């Protein structure tokens with residue numbers, strides 16, 4: 001249903017360092033850069049996530065949440081470690097979330113700009 005998503009940032013350099021690190025375990029790389037934005041996608045593909053420097057940026061309100069697909073639980077774990085190491089705030093340690101469905105393995109963080117980000121793998125061993 002969704003083709004791409006853009007997020008605002010108050011500090012593009014900080015956001016770029018964060019997303020370069022946290023997206024790498026999910027096999028997502030920076031596919032373009034401009035002085036005021038960066039785009040991420042799968043190697044050789046187009047962007048699916050853009051981070052854009054915006055004057056007067058304010059984090060989204062309650063209820064915003066972006067879930068990113070991971071292939072394996074180990075990728076979710078690596079996403080979480082990278083996020084915390086690069087200025088993110090832990091908002092849910094990696095683990096199974098049976099209330100969301102069988103094999104739902106996820107970790108939740110808040111990025112340095114206040115966006116709520118999740119990495120999720122479906123079909124993890126129970």
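Residues of the range 91-126 with backbone nitrogen within less than 19 Å of a virtual label 7 Å along the Cα-to-Cβ line of residue 54, please, listed as ranges. Zone members listed by number: 110-118. Normalising the average separation of contacting C-alpha pairs (under 8 angstrom, six or more residues apart) by the number of residues puts the relative contact order of the chain at 24 percent. Relative to the longest principal axis of the Cα atoms of the chain, helix 12-23 runs at roughly 30 degrees. Which one of 103, 39, 61 has the biggest mean-square fluctuation once the chain is modelled by GNM with Cα springs under 10 Å? So, out of 103, 39, 61, the one fluctuating most is 61. When the chain is treated as a GNM with alpha-carbon contacts under 10 Å, the residue of 35, 43, 73 showing the greatest mean-square fluctuation is 35. When a/c reaches 1.5 or more, the comparison of a/b and b/c decides; with that in mind, is the range 36-75 rounded, prolate or oblate per its Cα gyration tensor? Oblate, because a/c is 1.5 or more while a/b does not exceed b/c.
Comparing Cα centroids, the range 27-84 and the range 1-18 end up 6 angstrom apart. Adding -39500 (n - 2.57) for every DSSP H run of four residues or longer, then dividing by how many residues the chain holds, sets the calculated 222 nm ellipticity at -6000 deg cm²/dmol.
The distance between label points at residue 81 and residue 32 comes to 3.3 nm (points 7 Å beyond Cα on the Cα→Cβ vector). Using Cα atoms only, what is the angle between the long axis of helix 73-85 and the major principal axis of the chain, expressed in degrees (0 to 90) to the nearest 10? So the inclination is approximately 40 degrees.
All of the numbers you see were taken from the coordinates with simple rules; none came from a lab. The structure presented is a predicted model; accordingly, all values stated were derived computationally and were not measured. Don't worry about glycine lacking a Cβ; one is built from the backbone with ideal geometry, like all the others, and counts go over all protein chains shown.
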